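S.K.: Got a structure here, written out as structure tokens. Questions coming.
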Amino acid sequence: MPILKACHYSPVGGHHGENRTAAKVLECGYYWPSIYHDANQMVKDCDQCQRQGSISKRHEMPMNFVMEVKAIALPNNEARSVTAFLKKNIFTRFGTPRAILSDGGSHFCNKAFIRLLEKYGVKHKVATPYHPQSSGQVEVSNMEIKNILVKTVNANRTD
């Protein structure tokens, strides 16, 4: 039982469901016949687990892979700086992308930027915070990350 408690209550263990807790014990190299029953009883008796629930496959959402993200501070937000950065640092180093996703700022929505994208055949997609098709996955992912952190970080956040 001390092994089960260590895998459940320790900062690296986390307050997850009975299956995940039993899996942590098995990963440590320990086994006994009633491991799943004991883990189930421990989770039932754990106040924090009963308040928060557990993480399951249902909560997971597939993420779209992002090839490369390049960020650099420019001296200003003018169209000329942004287009020069794209040509010099993005198109020549990584190749021409199929699409560019921006936040709709004025330095991304202007004639010079649009002409550059048309020249190279790049689609421009604008994502706004209220556009569920582009920001919904991010919102769900952030919510799940928050839930995981709540379950693994102490309430007083000292760890």
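The values are calculated or read from the model by the stated rules, or taken from the named source; none is laboratory data. This structure is a prediction, so every number in the text was calculated from the model and none was measured. Note: ideal-geometry Cβ built from the backbone for every residue, glycine included; neighbour counts use all protein chains shown. What goes into the accessible areas is simple: the full protein's heavy atoms, side chains included, and nothing from ligands, DNA or RNA. Shrake-Rupley method; radii C 1.70, N 1.55, O 1.52, S 1.80 Å.
S.K.: What is the residue count in the stretch 112-159 for residues that are in a helix (DSSP H, G or I), modelled with pLDDT under 65 and farther than 16 Å from L101 by Cβ?
M.R.: 0
S.K.: For the stretch 26-47, name all the residues that are open to solvent by 100 Å² or more (accessible area, probe 1.4 Å), assigned to a helix (DSSP H, G or I) and not basic (K, R).
M.R.: Those that are open to solvent by 100 Å² or more (accessible area, probe 1.4 Å), assigned to a helix (DSSP H, G or I) and not basic (K, R): E27, Y36, H37, D45.
For every residue, the table says whether it meets (1) part of a helix (DSSP H, G or I); (2) modelled with pLDDT under 80; (3) surrounded by 11 or more Cβ atoms within 10 Å (Cβ to Cβ).
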{"position": "I3", "(1), (2), (3)": "yes, no, yes"}
{"position": "K24", "(1), (2), (3)": "yes, no, yes"}
{"position": "C49", "(1), (2), (3)": "yes, yes, yes"}
{"position": "I55", "(1), (2), (3)": "no, yes, yes"}
{"position": "V69", "(1), (2), (3)": "no, yes, no"}
